[in-house]
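The values are calculated or read from the model by the stated rules, or taken from the named source; none is laboratory data. All values reported here derive from a predicted model rather than from experimental measurement. Don't worry about glycine lacking a Cβ; one is built from the backbone with ideal geometry, like all the others, and counts go over all protein chains shown. What goes into the accessible areas is simple: the full protein's heavy atoms, side chains included, and nothing from ligands, DNA or RNA. Shrake-Rupley method; radii C 1.70, N 1.55, O 1.52, S 1.80 Å.
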Amino acid sequence: NKPVGAICHGPVVLARAIDPSTGLSVLWHRRVMALPRIMEGAAYVATAWKLGGYYRTYPAYVQTEVTEACGGKSYFQVGNIFAARVVQDGNLTTARWPGDSKVFAEAFLRQVHADQ
């Protein structure tokens, strides 16, 4: 039950981590933020002419994989893409992209200090 934090593509690691007691992702039925499809797709479209498939690092969009691991759309939070935001669900703190890093760090540090 220690604090866990992930930002941008980081929640994919958690999505792929399986709880041995349930056989489900450790994100199952957890509210989560990660890189939204709209942001990942926009980065790809804006840079593909120069970088090729650089921004397509996974076979599925981050949002798609994390949403499936959580158990559905109601668990994946996008929020206003123009405002920094985090989601906290128990000991888990997540955010969408580096633009959220300040509010993510503040929220995660509060969680770490509360855990001590």
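When the stretch 4-33 is filtered for residues that are open to solvent by less than 30 Å² (accessible area, probe 1.4 Å), within 13 Å of ASP89 (Cβ to Cβ) and not in a helix (DSSP H, G or I), the ones remaining, listed by number, are ALA6, LEU27, VAL32, MET33. Filtering the stretch 23-79 to residues that are in contact with a His (Cβ under 6 Å, 6 or more places away or on another chain) and either more than 29 Å from LYS2 (Cβ to Cβ) or of a type in the set (S, T, N, Q) (or both) leaves nothing.
For residues in the stretch 61-77 being among the aromatic types (Phe, Trp, Tyr) and at pLDDT 95 or above, which is farthest from TYR44 (Cα to Cα)? Across the stretch 61-77, the extreme among qualifying residues is TYR75. Of the residues in the stretch 83-91, not one is over 20 Å from SER25 (Cβ atoms), in contact with a Gly (Cβ under 8 Å, 6 or more places away or on another chain) and not in a loop (DSSP other than H, G, I, E, B). Restricting attention to the stretch 78-99, the residues being open to solvent by less than 50 Å² (accessible area, probe 1.4 Å), at pLDDT below 95 and within 19 Å of GLY41 (Cβ to Cβ) number 3.
Among the residues of the stretch 92-102, write down those that are within 14 Å of the chain's Cα centre (by Cα) and over 16 Å from VAL62 (Cα atoms).
Passing the criteria: LEU92, THR93, GLY99, ASP100, SER101.
For ALA46, the conditions (1) more than 28 Å from LEU24 (Cα to Cα); (2) in a loop (DSSP other than H, G, I, E, B); (3) among the hydrophobic types (A, V, I, L, M, F, W, C) are fulfilled apart from (2).
Considering each residue of the stretch 36-74, count those that are of a type in the set (Val, Ile, Thr), open to solvent by less than 30 Å² (accessible area, probe 1.4 Å) and either without any contact (Cβ under 8 Å) to a residue 40 or more places away in the chain or at positive phi (or both), and give that number. Even if it seems obvious, please write down each step before you answer.
At the first step, the residues of the stretch 36-74 found to be of a type in the set (Val, Ile, Thr) are 38, 45, 47, 57, 62, 64, 66-67.
Of the ones still in play, those that are also open to solvent by less than 30 Å² (accessible area, probe 1.4 Å) are 62, 66-67.
Of the ones still in play, those that are also either without any contact (Cβ under 8 Å) to a residue 40 or more places away in the chain or at positive phi (or both) are 67.
Residues flagged as of a type in the set (Val, Ile, Thr), open to solvent by less than 30 Å² (accessible area, probe 1.4 Å) and either without any contact (Cβ under 8 Å) to a residue 40 or more places away in the chain or at positive phi (or both) within the stretch 36-74 amount to 1.
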